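Written out below as structure tokens is the structure these notes cover.
Rule-based calculations on the coordinates, nothing more; no lab input. These numbers come from a predicted model, not from an experiment.
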Amino acid sequence: MQLAFILTMPNRGSWNGGWSGEDRIYCILKSFTSKKDMEKADRLILKKNFHYSWSDGWGANVEVKLVDRAEAMRLRRRSQGFCGYDWMVKSILQYGTILADHEVEKFLESQKNKESQTCQHSQ
């Protein structure tokens with residue numbers, strides 16, 4: 001199973017509302033082979049879009065979609081990399097959401113709190 005992670009900047013805080021890369025494709029392709037990885041891939045496909053907002057008005061979107069071999073080859077040829085935002089894909093794969101480094105600790109703490117509340121309710 002192969003997924004394409006496609007970057008766009010739908011919210012732009014630039015003076016003219018534009019993004020110099022909007023006419024290009026920015027894509028990372030990832031393969032999922034084990035049963036556990038394919039289950040994770042299925043969850044990502046269901047969510048489909050992951051958004052990240054900065055305080056300056058810019059916002060990024062990473063679309064996740066299942067691609068066949070031909071589509072993967074086409075995207076690989078046309079992709080201009082990922083504009084230095086590879087960390088977004090790593091975060092999606094690790095946490096199921098886009099988190100900057102400074103947000104990870106707070107996120108993990110909130111997940112831990114949710115788990116402990118769930119355990120308390122089930123007792």
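A few notes on this one:
- Of all DSSP beta bridges confined to the chain, the antiparallel ones make up roughly 95%.
- ³J(HN,Hα) computed for each position of segment 100-113 - Karplus, 6.51 cos²θ - 1.76 cosθ + 1.60, integer Hz, glycine/proline x: 6, 3, 6, 9, 5, 4, 4, 4, 4, 5, 5, 5, 5, 5
- Restraint check, K30/K112; K40/K112; K36/K106, Cα-Cα greater than 22 Å: K30/K112; K36/K106
- Separation of alpha-carbon centers, segment 54-73 and segment 7-42, rounded to whole Å: 2 Å
- Helix-derived mean residue ellipticity, 222 nm - over the chain, DSSP H n ≥ 4, -39500 (n - 2.57), to 500: -14500 deg cm²/dmol
- The share of C-alpha pairs in the chain whose separation exceeds 19 Å stands at 56 percent.
- Multiplying the residue separation of R76 and L46 by 0.36 nm and subtracting their alpha-carbon distance yields 8.5 nm.
- J(HN,Hα) series, segment 16-26, from Karplus relation 6.51 cos²θ - 1.76 cosθ + 1.60, nearest Hz, glycine and proline x: 10, x, x, 9, 4, x, 5, 9, 10, 9, 10
- Amide H contacts for W58 (H built 1.01 Å from N in the peptide plane; partners 5 or more residues away or on another chain; cut-off under 5 Å): G13.
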